[in-house]
Amino acid sequence: MAVDHLLQAVQTLNAADAFRPRLDASQWRVIVPFLQEFKLRSGDLLIRHRDVDRVCYLLESGTLQVYVPDAGPVRRPVAILRPGSVVGEPALFTDTPRMAQVEAMSPAVVWGLTRHRFDEFSQRQPEMAVELLRAAGAVMVERMRANLERGMPVV
């Protein structure tokens with residue numbers, strides 16, 4: 001099934017800011033209809049700095065680069081994300097503009113969850129939706145902590 005590779009990536013990512021919802025494979029299969037698959041080529045832009053698009057993404061395969069564009073061609077690197085990572089998770093909580101830009105460093109497959117589809121999901125599966133929010137919130141907390149320690153912008 002389509003979710004198997006994504007689930008394996010999420011479960012095996014070994015990172016301090018790993019997305020760790022306490023959901024089993026059958027629960028992930030309930031979520032899949034609410035997700036949209038995107039295939040990126042190397043260099044494709046996934047998230048544009050300052051956009052307000054309200055989509056959270058899960059990286060199934062490939063590598064993403066997170067950076068803040070400065071004036072001119074300069075980029076302030078923030079992070080490199082590996083399979084299993086979540087990016088754009090603040091979109092589940094707020095309508096604020098994106099704080100960074102995200103670009104595919106290699107061909108990648110990502111799964112997007114729009115705020116609208118998340119709201120639909122939360123009406124049908126409130127317990128699972130709460131678990132997704134808790135996991136996304138934990139990622140945000142870890143990234144904020146790390147960014148404050150390093151003096152880096154929040155992703």
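The values are calculated or read from the model by the stated rules, or taken from the named source; none is laboratory data. Keep in mind that this is a model prediction, so the values were computed, not measured. So basically every Cβ, Gly included, is an ideal-geometry build from the backbone, and we count neighbours across all protein chains shown.
Can you confirm whether TYR67 is of a type in the set (Ser, Thr, Tyr), in a strand (DSSP E or B) and crowded, with 20+ Cβ neighbours inside 10 Å?
no
Residue by residue through the range 33-53, note down the ones that are farther than 20 Å from GLY137 by Cα and in contact (Cβ under 8 Å) with a residue 60 or more places away in the chain.
Passing the criteria: GLN36, GLU37, PHE38, LYS39, LEU40, ARG41, SER42, GLY43, ASP44, LEU46.
One line per residue, one yes/no per condition, for (1) assigned to a strand (DSSP E or B); (2) not small (Gly, Ala, Ser):
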residue: HIS5; (1), (2): no, yes
residue: ASP17; (1), (2): no, yes
residue: ARG22; (1), (2): no, yes
residue: SER26; (1), (2): no, no
residue: LYS39; (1), (2): yes, yes
residue: SER42; (1), (2): no, no
residue: CYS56; (1), (2): yes, yes
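Condition check ((1) under 23 Å from ARG150 (Cβ atoms); (2) β-branched (Val, Ile, Thr)) across all residues:
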site: CYS56; (1), (2): no, no
site: GLY62; (1), (2): no, no
site: PRO69; (1), (2): yes, no
site: PRO83; (1), (2): no, no
site: VAL102; (1), (2): yes, yes
site: LEU113; (1), (2): no, no
site: PHE121; (1), (2): no, no
site: PRO126; (1), (2): no, no
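Suppose we keep only residues that are of a type in the set (A, V, I, L, M, F, W, C) and more than 17 Å from ALA136 (Cβ to Cβ) within the range 70-92. Which one would you say is surrounded by the most Cβ atoms within 10 Å (Cβ to Cβ)?
Among those that are of a type in the set (A, V, I, L, M, F, W, C) and more than 17 Å from ALA136 (Cβ to Cβ), it is VAL78.
Just checking, which of VAL10, VAL30 is more than 25 Å from VAL141 (Cβ to Cβ), out of contact with any Leu (no Cβ under 6 Å at 6 or more places or on another chain), touching a residue at least 24 places away in the same chain (Cβ under 8 Å) and part of a helix (DSSP H, G or I)?
The unique qualifying residue is VAL30.
Taking the range 3-30, which residues are surrounded by 13 or more Cβ atoms within 10 Å (Cβ to Cβ), more than 15 Å from the chain's Cα centre (by Cα) and among the aliphatic types (A, V, I, L, M)?
VAL3, LEU23, VAL30
Every residue in the range 121-143 that is exposed (fewer than 14 other Cβ atoms within 10 Å of the Cβ) and either under 27 Å from LEU45 (Cβ atoms) or modelled with pLDDT under 95 (or both), please.
Listed by number, the list holds a single entry, VAL141.
For the range 59-99, what are the residues that are of a type outside the set (Asp, Glu), in contact with a Phe, Trp or Tyr (Cβ under 9 Å, 6 or more places away or on another chain), on the phi < 0 side of the Ramachandran plot and at pLDDT 95 or above?
Result: LEU59, LEU64, SER85, VAL86, VAL87.
Which of the residues spanning the range 93-102 are polar (S, T, N, Q) and surrounded by 14 or more Cβ atoms within 10 Å (Cβ to Cβ)?
Hit for the range 93-102 is GLN101, nothing else.
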